[in-house]
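First up is the structure itself, then whatever we jot down about it.
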Amino acid sequence: MLEGRVVIVTGGGRGIGRSHCLELAAHGATVVVNDLGVGLAGDSSGDDPAAEVVAAIRDGGGTASANGSSVSDWSGVASLMAETVATYGKIDAIVNNAGILRDATITSMTEDAFDAVINVHLKGTFTMTKHACDYWRSEQKAGRPVVGRIVNTTSGTGLAGNVGQVAYGAAKAAIANMTQTTAMEAGRYGVTANCISPVAATRMTAAVGMAAVEPDAGWNPLDPANSSPVVAWLCSEQSGWLTGRVLRIDGSAVMPVDSWSVRGGYRSRSGEMLEAGEIDQGLRKAFGLAPLGLAGLQPQTGHLR
């Protein structure tokens, strides 16, 4: 499926990212494994997980190399892109997976912790996307065919919120929106952008009490590897018909996620400007909390585009 395609995976040394790298290589991709080897909070660990993943891919007969640039480092990412093209001749896809956690409630969150999470998740995703799109645009303008793929990563917290994860959730929600905007803008260059929302037991979920998946214990609905076949497909030429979408992956199921939608409301009694005095009664009805049959309140539905 991916023979001859070159894919960069950020946060590719552990967990879901590691699974993505191995799956991509299994389908023939050349994989650039980007990972700083930091701890869950972004602190230095002294480990080199990217090198371990590269060794595993090469032992299996695949082609891979490691990169230690920070995804939030503008010039570092530019160098990553340039080095990948210099080494392998092109870039076909990027998988934005890198992330850290610094959970705290709003009243306990510090500026440094908030900035650190946003810097890696949101700025890191944008920085990779920006430099990859610059490359693909230049290729397209030079008359060379482009079949570019961007795969971003959101989460259930980004889609629905979670106590203690204001920075992480905000970043992940923004990434889903960034995916839609990227799809709109980059399609002219032959690029698609989609986003996955995997349900998995990883280092991040272990921090909130979800037990890790034991290796070699058979198929597990929380295995980080469950989302990797979807990523492999999204990086392939086959997936060109899909762009700007979020896919929730839960065990053996993959499900499209709809954007924010207007699921019910009301029109003003006058049919003109809303009046503050009617808002409480009208919204209670819209949320199913008020008696039905309120005079003059008409159901209103729609969908945010």
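The values are calculated or read from the model by the stated rules, or taken from the named source; none is laboratory data. Everything numeric here is computed off the predicted structure, so don't read it as measured data. Using ideal geometry, Cβ is built from the backbone for each residue, glycine included, and neighbour counts are taken over all protein chains shown.
Before moving on, here are some points about what is shown:
- Any hit, region 132-143, residues being under 16 Å from the mean Cα position of the chain (by Cα), assigned by TED's automatic domain parsing to the domain that holds His20 and either surrounded by fewer than 21 Cβ atoms within 10 Å (Cβ to Cβ) or within 20 Å of Ile8 (Cβ to Cβ) (or both): yes
- Positions within region 131-152 being part of a helix (DSSP H, G or I) and either modelled with pLDDT under 95 or within 20 Å of Asp35 (Cβ to Cβ) (or both), in sequence order: His131, Ala132
- Qualifying residue in region 107-130 (condition: at pLDDT 95 or above and in a strand (DSSP E or B)): no
- Residue list for region 222-259, restricted to those being within 21 Å of Thr192 (Cα to Cα) and assigned to a loop (DSSP other than H, G, I, E, B): Cys235, Ser236, Leu242, Thr243, Gly244, Arg245, Asp258, Ser259
- Members of region 144-155 that are out of contact with any Asp or Glu (no Cβ under 7 Å at 6 or more places or on another chain) and crowded, with 17+ Cβ neighbours inside 10 Å: Ile150, Val151, Asn152, Thr153, Thr154, Ser155
- The condition (being surrounded by fewer than 22 Cβ atoms within 10 Å (Cβ to Cβ), at pLDDT 95 or above and either aliphatic (A, V, I, L, M) or more than 23 Å from Leu234 (Cα to Cα) (or both)) is satisfied by just one residue among Ala51, Ala64: Ala51.
- Close contacts from region 52-75, counting a first residue that is not assigned by TED's automatic domain parsing to the domain that holds Val33 and a second that is outside any helix (DSSP H, G or I), with Cβ to Cβ under 9 Å and a gap of 6+ residues or different chains, come to none at all.
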